[in-house]
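Enquirer: Submitted below is the structure of interest, expressed as structure tokens.
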Amino acid sequence: MSGMGDGYVGTAQDAVRIRRLEKQREAERRKIQELKNKSASTGGQTGLLQFGSGTSERVNIRNKIEEEEKEKLQKLQQEEEELQMQKRKKRRVKGDARLSFNDDIDNGSDEEDLENNQKKFGHGKLGKDPTVETSFLPDSEREAEEQAERERLCKQWLREQEIIRNEPLEITYSYWDGAGHRRVIQVRKGDTIGEFLRAVQQQLAPEFREIRTTSVENLVYVKEDLIIPHQYSFYELIINKARGKSGPLFHFDVHEDVRTVADATIEKDESHAGKVVERHWYEKNKHIFPASRWEIYDPTKKWERYTIHGD
């Protein structure tokens, strides 16, 4: 049974059967050898003692022994071939379970083995269940599409905001030097307070000498009792719905404050008119109403209620 040394590991029943066949084969070999020895001994004694039946009888005994030996050897060979065939079948089954794609697998398997293998692949554990939710799993193609969509929406939003920044805005303000001088000026929503004050200076310079000789940095814009720093833009204040002490910094009512007669594309600020003052005047009068109520705008500060007249 030298064929068992090729790495095959069968079941416990196969091992018992193999050991039984080996013992049986060894017993048969001993029996045949004993018969041969007995025949040779008998033949010698007959020659010496001149007993026995003769040469033909010895030939018949030898032929009978050889036939029995041949039959037993054929039987053992047949059993060994059956074991080898079972080994090959188990190797194929084991290889199929490991998803082996070796083309050198024995092609002599019968139709039953092929059908069993097809059933095994058809009902195996591999493959995707279409009913299982898999949207949470990583998907590079889906992630790339989502990223592209986010970038597209971001660019679209930026274009829309740029259009809004370029929209014209009509601002009513009052130049304050102890008395009010109301004016109206048109700017863009994207303009900063500093750019607005530069336009105001150009508008007021022909009428007021002190404005003509000062710089933009020395002009102060006060809205709803808050001094708005030069770096803020109207766009920021509007979209953030900034509020002052006595109301919203800028208020645009759809029905009343949009100019639909003269120019439907120009929005008009209908909140309280802001004040433009010279910094020198403010420093000189900041302890007197209304300047005593003014303070620097802080976007992080929330006003719980509106106040008037120094409350």
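Enquirer: Yes or no: the range 207-226 includes at least one residue that is within 49 Å of the chain's Cα centre (by Cα), part of a helix (DSSP H, G or I) and modelled with pLDDT of 90 or more.
Expert: Looking for residues that are within 49 Å of the chain's Cα centre (by Cα), part of a helix (DSSP H, G or I) and modelled with pLDDT of 90 or more, one finds none in the range 207-226, hence no.
Enquirer: Could we say that residue 238 is farther than 21 Å from residue 297 by Cβ and modelled with pLDDT under 90 here?
Expert: no
Conditions tested, residue by residue: (1) surrounded by 10 or more Cβ atoms within 10 Å (Cβ to Cβ); (2) farther than 27 Å from residue 12 by Cβ; (3) at pLDDT 70 or above.
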residue	(1), (2), (3)
35	yes, yes, yes
46	yes, yes, no
49	no, yes, no
57	yes, yes, no
72	yes, no, yes
93	yes, no, no
96	yes, no, no
99	no, yes, no
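Enquirer: Here is a follow-up. Say we look at the range 168-203 and pick out the residues that are assigned to a strand (DSSP E or B) and among the polar types (S, T, N, Q); which of these is farthest from residue 277 (Cα to Cα)?
Expert: So, considering only residues that are assigned to a strand (DSSP E or B) and among the polar types (S, T, N, Q), the one farthest from residue 277 (Cα to Cα) is 186.
Enquirer: Moving on. Just need a number here: residues in the range 274-301 that are assigned to a loop (DSSP other than H, G, I, E, B) and over 57 Å from the mean Cα position of the chain (by Cα).
Expert: 5
Enquirer: Of all residues in the range 165-192, how many are polar (S, T, N, Q) and closer than 16 Å to residue 232 by Cα?
Expert: Number satisfying all stated conditions: 2.
The values are calculated or read from the model by the stated rules, or taken from the named source; none is laboratory data. Keep in mind the model is a prediction, meaning the values are calculated, not measured. FYI the Cβ positions are ideal-geometry reconstructions off the backbone, even for glycines, and counts take in every protein chain you see.
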